[in-house]
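Report on the structure given below.
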Amino acid sequence: MPTRARWFGLAALLMLAGLPCQAAETSIIAIVGATVIHPDRDLPSAVAPDSTLIVAGRRIESIGPAGSTAVPAGATRIDGKGKWVVPGLIDSHVHFFQSGNLYTRPDVADFNAWMPYAKEVERNKRRLAATFKVWLASGVTSVVDIGGPFWNFEMRDAALKSPTAPRVAVAGPLLSMVDRVKLDLGDPPIIKIASADEARALVRRELERKPDFIKVWFIHRQGDDLAAQEAIVKA
């Protein structure tokens, strides 16, 4: 299990233990007696009960049986008995502008009469800081938003500055072959592209915000010009 991944897997446990963030940066920490999951191993050795982890700064120095792993003098001890240490989970398909409820895709099922879509998106955006905390509390230490409004980049920047947010990777608006006008509140998450020039122009706008990737939503319907669509993708 890579050291970097293991460190982020510890994030939730360290916070639950009440350890100050500054200590995580500079101190030596010993988590003693925890059950550690090693995803690079086969069962039953993948589950290692009564283990000790030594963390120096932001790096795991060693993991081993509690009975034979020395705890350095001056280390901050965390009692890991009854707790589990696992690698951080990655949610690789999210959309910050959406929720999981009925009101989030009026282009599919329009419930604006019950809940205005604009209000739904604003609620999702406003509560995102709390959603970040829920992800961490659930063991999710990295999330990937695979396309949304340009304010996606603001959310990524906010997450980078927050001690209670997962690592965030984002794309901007989807380069699409179809319209989704009901999702357009002035900063559309999906933009229909009609030519290679339009594709290049939108990508240039997104590159200014340093996206983690660019998403093309390739939808080919009967009667569409496939050659023109392929030219957009190649652009």
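The values are calculated or read from the model by the stated rules, or taken from the named source; none is laboratory data. Source: prediction; values computed, not measured. Every residue, glycine among them, receives a Cβ derived from its backbone with ideal geometry; neighbour counts consider all protein chains shown.
The listed residues are 194, 227, and the only one of them that is surrounded by fewer than 15 Cβ atoms within 10 Å (Cβ to Cβ), part of a loop (DSSP other than H, G, I, E, B) and free of Cβ contacts under 8 Å to residues at least 40 places away in the same chain turns out to be 194.
Return a yes/no flag: does segment 206-223 have any residue that is part of a helix (DSSP H, G or I), acidic (Asp, Glu), under 26 Å from the mean Cα position of the chain (by Cα) and modelled with pLDDT of 95 or more. Checking segment 206-223: at least one residue is part of a helix (DSSP H, G or I), acidic (Asp, Glu), under 26 Å from the mean Cα position of the chain (by Cα) and modelled with pLDDT of 95 or more. Evaluated against (1) at pLDDT below 95; (2) out of contact with any Phe, Trp or Tyr (no Cβ under 9 Å at 6 or more places or on another chain); (3) surrounded by 13 or more Cβ atoms within 10 Å (Cβ to Cβ), residue 203 falls short on exactly one condition, (1).
Examine segment 148-160 for a residue that is in contact (Cβ under 8 Å) with a residue 12 or more places away in the chain and under 30 Å from residue 30 (Cβ atoms), and state whether such a residue exists.
First pass over segment 148-160, keeping only residues in contact (Cβ under 8 Å) with a residue 12 or more places away in the chain: 148-153, 155-156, 158-159.
If we keep only those that are under 30 Å from residue 30 (Cβ atoms) as well, we get 159.
Within segment 148-160, one or more residues are in contact (Cβ under 8 Å) with a residue 12 or more places away in the chain and under 30 Å from residue 30 (Cβ atoms).
Looking at segment 92-107, can you tell me whether even one residue there is outside the structural domain of residue 167 (by TED's automatic domain parsing), among the charged types (D, E, K, R), within 29 Å of the chain's Cα centre (by Cα) and on the phi < 0 side of the Ramachandran plot? Within segment 92-107, none of the residues are outside the structural domain of residue 167 (by TED's automatic domain parsing), among the charged types (D, E, K, R), within 29 Å of the chain's Cα centre (by Cα) and on the phi < 0 side of the Ramachandran plot. The residue that is modelled with the lowest pLDDT, among those in segment 42-86 that are under 13 Å from residue 30 (Cα atoms) and basic (Lys, Arg), is 58.
Is it the case that residue 187 is touching a Phe, Trp or Tyr at 6+ places or on another chain (Cβ under 9 Å), surrounded by fewer than 16 Cβ atoms within 10 Å (Cβ to Cβ), outside any helix (DSSP H, G or I) and of a type in the set (Asp, Glu)? Don't jump to the end; show me each part of the working.
Values: touching a Phe, Trp or Tyr at 6+ places or on another chain (Cβ under 9 Å): yes; surrounded by fewer than 16 Cβ atoms within 10 Å (Cβ to Cβ): yes; outside any helix (DSSP H, G or I): yes; of a type in the set (Asp, Glu): yes.
Considered against the rule, which asks whether it is touching a Phe, Trp or Tyr at 6+ places or on another chain (Cβ under 9 Å), surrounded by fewer than 16 Cβ atoms within 10 Å (Cβ to Cβ), outside any helix (DSSP H, G or I) and of a type in the set (Asp, Glu), residue 187 comes out as yes.
Assessment of segment 53-64 against the conditions (crowded, with 16+ Cβ neighbours inside 10 Å, within 29 Å of residue 134 (Cβ to Cβ), out of contact with any Ser or Thr (no Cβ under 9 Å at 6 or more places or on another chain) and β-branched (Val, Ile, Thr)) yields no matching residue. When restricted to residues that are over 21 Å from residue 187 (Cβ atoms) and surrounded by fewer than 16 Cβ atoms within 10 Å (Cβ to Cβ), segment 154-166 contains 4.
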